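The values are calculated or read from the model by the stated rules, or taken from the named source; none is laboratory data. Note that the structure is a prediction, hence the values are computed from the model and not measured. Ideal geometry is used to build each Cβ from the backbone, glycine not excepted, and the neighbour counts take in all protein chains shown. Ligands, DNA and RNA are stripped out before the accessible areas are found, and what is left, the full protein with its side chains, is counted by its heavy atoms. Shrake-Rupley method; radii C 1.70, N 1.55, O 1.52, S 1.80 Å.
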Amino acid sequence: MSAVTAARTPRVSGVRVAQQTLLHGLRTDSLLIRGVEGSDITKFTFNRRTAYVLKHPDYADHVLHGAVDRYHKSIEYELLRTVVGVSLFTDEDESWRRHRMILNPVLAKRHLTSVFDLMLAPIERFVERLKHGNSDRLEIDMTAGMTELTLDVVGSALFGHGMADLARRIGPDVTDGLRAAERATRLLLLANPPVWLVRLVAGIVDRAPMLPPPIGRLHQIMRTIDRMVWDVIHDRQEHPSDAEDVLGLLLSVRDEEGEPLPLRRVRDEAATFMLAGHETTANALSWMWYLLALNPDARERMLAEVDGVLRDRRPCFEDVARLPWTAACVQEAMRVYSPAWVLPRTCVEDDVIGGHRIKRGSTILIPINSLHHDERFWPDPEVFDPTRFLPERIKSHHRSAYLPFGGGRRVCIGKTFAMIEATLVTALMSRSFVYDLKPGHPVVPEATLTLRPRHGLKMIARRRGDGAATIEAAA
Ligand code: HEM
């Protein structure tokens, strides 16, 4: 390939992007997601920061796989680390590698069989509450409902039956924490402080008398979550049990020298699983309910599959693999609306991507939704077509043209957990009800930390086999 200098990389003024990103959140029609028409790499600068948007899966592949050692997560993670702790999400280099090796088995399929019942119980409770609604015509805010449910599922899997209410108690703090993290990220982008300043602030967060409001708020919330999670860990140590929940697994893993994880690290990983693991899944499910309501044929096929496989019995772990169409609906929904919409990286060693020189210190943005809608890799990209993800076709896609869970070695560790959970939620909620859009409710994607419906998603739940009756929301 002939060498093209960075000066010839298509450039855009950062002003519009910066405004949308920093002040109002990012809409899916923004430049950052579309890039410059016809170009697979776009360079833009704003506030002394140089960023490249990579719109070709080969380029994304290079950053996530081939040249992965030249890229770290973006600089914002340095500050995040001191506020939310050092966990897989915020760690780097050798420490990340060592912990990822130790933690991989915790959320691996074979261990998830033991937390399957813990995942199932909150979903069954949610459906029971729906069933007990007896009003004729009532609506659900599906996004709020899915957020509550996914927090319950991850809380139950983490802390077991005994602590089923912990996630609910922490819930408002967790949601507040995510919103504060959003504001803190925007503040950092807006101020774009030099790296040395980020590191300095990161080093004194615990002792700083005053922090900018969103960072201070995030810190305060994390301390509350911290206390609650510590309480459970200490209680578990005082009353050891054979509980096969994720916390039990985190406490029992050993490194190659036979050493357990330090308790602080257990706490940080548990809190991260809760933060990283619920809103993403909730948004994936919300978008899926939305798309199913717009595509009745796909929905009918899903209902037929669920009825045929589950009938009236309690699902077992093996049933998840028997629901390929249901799982494909979840995967296709994540293609159309990917909850994680951008993968940010910092280049830590000079590199060349597709002939373009990338200097150390540059920001790299992989716009997931743009890759998911590229018609070179997804024919009729705007069409919701779950057949793309049926087992016989799944391997035919470019591995970096579909990145809802990221890619390469930093791929989401909760991916299998999330797919099992989302498939189960879809199947169990569909056994008794179908969900239609509430007429007139505006559905507008909003890209904040995750891509979510800006005004929530108001839906009408209709009891199956009874076209007239609608039910009261549990959410
Ligand atoms: C549909 C649901 C989910 C989506 C869309 C999602 C998406 C992602 C993405 C895109 C990344 C990579 C970020 C990057 O490379 O910059 C990631 C990483 C991560 N996710 Fe998820 N996630 C989901 C569910 C979960 C669940 C259920 C858990 C835990 C129970 C979880 C825990 C994590 C952790 C710890 C990481 C960091 C992994 C590492 O860097 O080694 N996620 N997730």
Which members of the range 304-338 meet the condition of being free of Cβ contacts under 8 Å to residues at least 60 places away in the same chain and within 16 Å of the ligand (Cβ to nearest atom)? Glu332, Ala333, Val336
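Out of Ala60, Ala18, I need the residue that is modelled with pLDDT of 50 or more, of a type outside the set (Val, Ile, Thr), in contact with a helix residue (DSSP H, G or I) (Cβ under 9 Å, 6 or more places away or on another chain) and outside any strand (DSSP E or B). Which one? Even if it seems obvious, please write down each step before you answer.
Details: Ala18 fails: modelled with pLDDT of 50 or more.
Result of the check over Ala60, Ala18: Ala60.
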When the range 289-303 is checked residue by residue, the ones that are closer than 23 Å to Gly145 by Cβ and touching a residue at least 24 places away in the same chain (Cβ under 8 Å) are Trp289, Tyr290, Leu291, Leu292, Ala293, Leu294, Asn295, Ala298, Arg299, Met302, Leu303
Does the range 69-83 include one or more residues that are open to solvent by less than 20 Å² (accessible area, probe 1.4 Å), assigned to a helix (DSSP H, G or I) and modelled with pLDDT under 90? yes
Only residues in the range 141-157 that are more than 18 Å from Ile460 (Cβ to Cβ) count as the first member; pair them with residues that are among the basic types (Lys, Arg) and more than 11 Å from the ligand (Cβ to nearest atom), Cβ under 6 angstrom, at least 6 apart or cross-chain, and list the lot. none
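Tell me whether the range 336-351 contains one or more residues that are more than 21 Å from Cys412 (Cα to Cα) and open to solvent by less than 40 Å² (accessible area, probe 1.4 Å). Can you show your working first?
Taking the range 336-351 first, the residues more than 21 Å from Cys412 (Cα to Cα) are 348-351.
If we keep only those that are open to solvent by less than 40 Å² (accessible area, probe 1.4 Å) too, we end up with 351.
Looking for residues that are more than 21 Å from Cys412 (Cα to Cα) and open to solvent by less than 40 Å² (accessible area, probe 1.4 Å), one finds at least one in the range 336-351, hence yes.
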Looking only at residues in the range 274-303 that are more than 10 Å from the ligand (Cβ to nearest atom) and among the hydroxyl-bearing types (Ser, Thr, Tyr), which one is surrounded by the fewest Cβ atoms within 10 Å (Cβ to Cβ)? Tyr290
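Taking Arg236, is it in a helix (DSSP H, G or I) and either within 16 Å of the ligand (Cβ to nearest atom) or touching a Lys or Arg at 6+ places or on another chain (Cβ under 7 Å) (or both)?
On the way: in a helix (DSSP H, G or I): yes; either within 16 Å of the ligand (Cβ to nearest atom) or touching a Lys or Arg at 6+ places or on another chain (Cβ under 7 Å) (or both): no.
It is false that Arg236 is in a helix (DSSP H, G or I) and either within 16 Å of the ligand (Cβ to nearest atom) or touching a Lys or Arg at 6+ places or on another chain (Cβ under 7 Å) (or both).
When you look at Gly355, is it within 25 Å of Ser95 (Cα to Cα), loosely packed, with under 15 Cβ neighbours inside 10 Å, touching a residue at least 24 places away in the same chain (Cβ under 8 Å) and not aromatic (Phe, Trp, Tyr), yes or no? Write out each step before concluding.
Details: within 25 Å of Ser95 (Cα to Cα): no; loosely packed, with under 15 Cβ neighbours inside 10 Å: yes; touching a residue at least 24 places away in the same chain (Cβ under 8 Å): yes; not aromatic (Phe, Trp, Tyr): yes.
No.
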Working only within the range 319-335, note down all residues that are β-branched (Val, Ile, Thr) and open to solvent by 20 Å² or more (accessible area, probe 1.4 Å). Val320
When Ala121 is evaluated against the numbered criteria (1) open to solvent by less than 20 Å² (accessible area, probe 1.4 Å); (2) within 14 Å of the ligand (Cβ to nearest atom); (3) closer than 16 Å to Asp245 by Cα, which criterion, by number, is the only one it fails? (2)
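For the range 263-273, does any single residue satisfy the condition of being of a type in the set (A, V, I, L, M, F, W, C), closer than 30 Å to Ile460 by Cα and open to solvent by less than 40 Å² (accessible area, probe 1.4 Å)?
Here is the first cut: in the range 263-273, the residues of a type in the set (A, V, I, L, M, F, W, C) are 263, 266, 270-271, 273.
Retained after the next criterion (residues that are closer than 30 Å to Ile460 by Cα): none.
No - not one qualifying residue is present in the range 263-273.
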Which number in (1) more than 22 Å from Ser95 (Cα to Cα); (2) open to solvent by less than 50 Å² (accessible area, probe 1.4 Å) marks the one condition that Glu244 misses? (2)
Return the residues of the range 134-188 that are among the β-branched types (Val, Ile, Thr), within 16 Å of the ligand (Cβ to nearest atom) and at pLDDT 85 or above; say none if nothing qualifies. Thr143, Thr147, Thr150, Val153, Val154
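At least 1 residues that are within 16 Å of the ligand (Cβ to nearest atom), open to solvent by less than 20 Å² (accessible area, probe 1.4 Å) and without any contact (Cβ under 8 Å) to a residue 40 or more places away in the chain in each: list the helices (runs of 4 or more DSSP H) lying fully within the range 368-461 that qualify. Walk me through how you get there before you give the answer.
Values: elements: 368-372, 391-394, 415-432.
In the range 368-461, the matching helices (runs of 4 or more DSSP H) lie at 368-372.
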Identity of the residue in the range 314-349, within 26 Å of His62 (Cβ to Cβ) and of a type in the set (A, V, I, L, M), that ends up modelled with the lowest pLDDT: Val342
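Give Phe116, Phe44, Phe89 a once-over and let me know the one that is open to solvent by 20 Å² or more (accessible area, probe 1.4 Å) and either of a type in the set (Phe, Trp, Tyr) or outside any helix (DSSP H, G or I) (or both). Explain how you work it out, then say what you get.
Details: Phe116 fails: open to solvent by 20 Å² or more (accessible area, probe 1.4 Å); Phe44 fails: open to solvent by 20 Å² or more (accessible area, probe 1.4 Å).
Criteria check complete, one pass: Phe89.
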Can we say Thr363 is within 16 Å of the ligand (Cβ to nearest atom), in contact (Cβ under 8 Å) with a residue 40 or more places away in the chain and among the hydroxyl-bearing types (Ser, Thr, Tyr)? yes
Residue hits (the range 247-266; in a helix (DSSP H, G or I) and β-branched (Val, Ile, Thr)) are Val266
Can you spot a residue in the range 131-140 that is more than 14 Å from Thr423 (Cα to Cα) and in contact with a Lys or Arg (Cβ under 6 Å, 6 or more places away or on another chain)? yes
